[in-house]
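A.B. asks: This is the structure I want to talk about, given as structure tokens.
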Amino acid sequence: MNEVDSLHRHTRKRLIVLSLVVALFLDLIPFPQPLDGWLPACTAMMTLYWSMHRPKYIGIGMAFILGLIMDVGLGTPFGQHALGIMAAVYLVEQNRHQILGYSYGLQALTIFGCLMLMTLILVIVHFFSTHQFTGWNLFVSPFISALLWPLLSKFMLYLAYSRRL
């Protein structure tokens, strides 16, 4: 067990719930269409973060629930985000111990792959439900999210270390 696992072992459930609620609210804020693809996938990133560090509390079932909430909030085909986030969480859960041993740069690349898979699932489900391609700007979000991954990890470690919440 490394130092990060020992810090997150004592993380309160209230921090996990609060961070997921904040991420959901950030994802559900309506933005104009061209800007929408440039925003990071906050709920997916936070779900991946907690499924990596606290798999006992956040797993595929919670990913399904959060995805359904995203679908209802965004008005997308029911189960689209749920399927995408579940696939990403599954990949993280299968390789969790390896990913935790990586540096932040390699973790960001792994998260990029998971989020790109999620985006591909979203595009494919949207295409089969509407018979229209959503556009290439949706593929920018995994890049932005991967670039923000080290900042998210450091910030969450700071919150866990300070134990304010």
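A.B. asks: Which angle from 0 to 90°, rounded to the nearest 10, does the C-alpha axis of helix 42-53 make with the longest principal axis of the chain?
C.D. replies: Tilt relative to the chain: about 40 degrees.
A.B. asks: Count charges around GLN107 for me, please; just the other residues with Cβ under 13 Å from its Cβ, Lys/Arg as +1, Asp/Glu as -1.
C.D. replies: Result for the local shell: +2.
A.B. asks: Give me the distance between the Cα centres of the range 128-165 and the range 54-74, rounded to whole Å.
C.D. replies: 15 Å
A.B. asks: If you don't mind, there's one more thing I want to ask. Report the accessible area of MET116, computed with a 1.4 Å probe over the heavy atoms of all protein chains in place, in Å² rounded to the nearest 10.
C.D. replies: Counting only protein heavy atoms, MET116 exposes about 40 Å² to solvent.
A.B. asks: Additional query: With the chain treated as a Gaussian network of Cα nodes joined by springs under 10 Å, which of THR47, THR134, THR11 yields the largest mean-square fluctuation?
C.D. replies: The residue with the greatest mean-square fluctuation here is THR134.
A.B. asks: Then there is this: In the range 3-162, carbon and sulfur make up what percent of the accessible area (probe 1.4 Å)?
C.D. replies: Carbon-and-sulfur percentage of accessible area, whole number: 71.
A.B. asks: Now for a separate question. Heavy atoms only, 1.4 Å probe, whole protein assembly: order ARG54, ARG14 by accessible area, highest first.
C.D. replies: Correct descending sequence by accessible area is ARG14, ARG54.
A.B. asks: Could you work out how much longer the chain between SER103 and PHE128 gets when fully extended? Use 0.36 nm per residue separation minus the Cα distance between them, nm to one decimal.
C.D. replies: 5.2 nm
A.B. asks: Before anything else, pin down the relative contact order of the chain: Cα pairs under 8 Å, at least 6 apart, normalised by residue count, whole percent.
C.D. replies: Computed value for the chain: 28 percent relative contact order.
A.B. asks: Right, here's the next one. What number comes out for the charge environment of GLY75, summing +1 per Lys or Arg and -1 per Asp or Glu over other residues with Cβ under 14 Å away?
C.D. replies: Every neighbour counted, the sum reads -3.
A.B. asks: How much accessible area per residue does the chain have, in Å², with a 1.4 Å probe?
C.D. replies: Ligands and nucleic acids excluded, the figure is 55 Å² per residue.
A.B. asks: Once phi is turned into ³J(HN,Hα) by the Karplus curve 6.51 cos²θ - 1.76 cosθ + 1.60 with θ = phi - 60°, what whole-Hz value does each residue of the range 96-104 show in order, with x for glycine and proline?
C.D. replies: Along the range 96-104, the couplings run 4, 5, 5, 5, 5, x, 6, 6, 4 Hz.
A.B. asks: I would also like to ask the following. As an exercise, use a Förster radius of 22 Å and the Cβ-Cβ distance of LEU35 and LEU151 to find the FRET efficiency, rounded to the nearest 0.05.
C.D. replies: 0.65
A.B. asks: I've got another one for you. For labels at TYR158 and LYS56 in the simple 7 Å Cα→Cβ model, what's the distance in nm?
C.D. replies: 2.7 nm
A.B. asks: HN-Hα J couplings of the range 78-91 from phi, Karplus 6.51/-1.76/1.60, θ = phi - 60°, integer Hz, Gly and Pro as x?
C.D. replies: Ordered by residue, 3J(HN,Hα) equals 4, x, 5, 5, 4, 5, x, 5, 4, 5, 5, 5, 4, 4 Hz.
The values are calculated or read from the model by the stated rules, or taken from the named source; none is laboratory data. As the structure is a prediction and not an experimental result, all values here were calculated from the model. Methodologically, a virtual Cβ is constructed for each residue, glycine included, from the backbone with ideal geometry; neighbour enumeration extends over all protein chains shown. Ligands, DNA and RNA are excluded from the accessible area calculation, which covers all protein heavy atoms including side chains. Shrake-Rupley method; radii C 1.70, N 1.55, O 1.52, S 1.80 Å.
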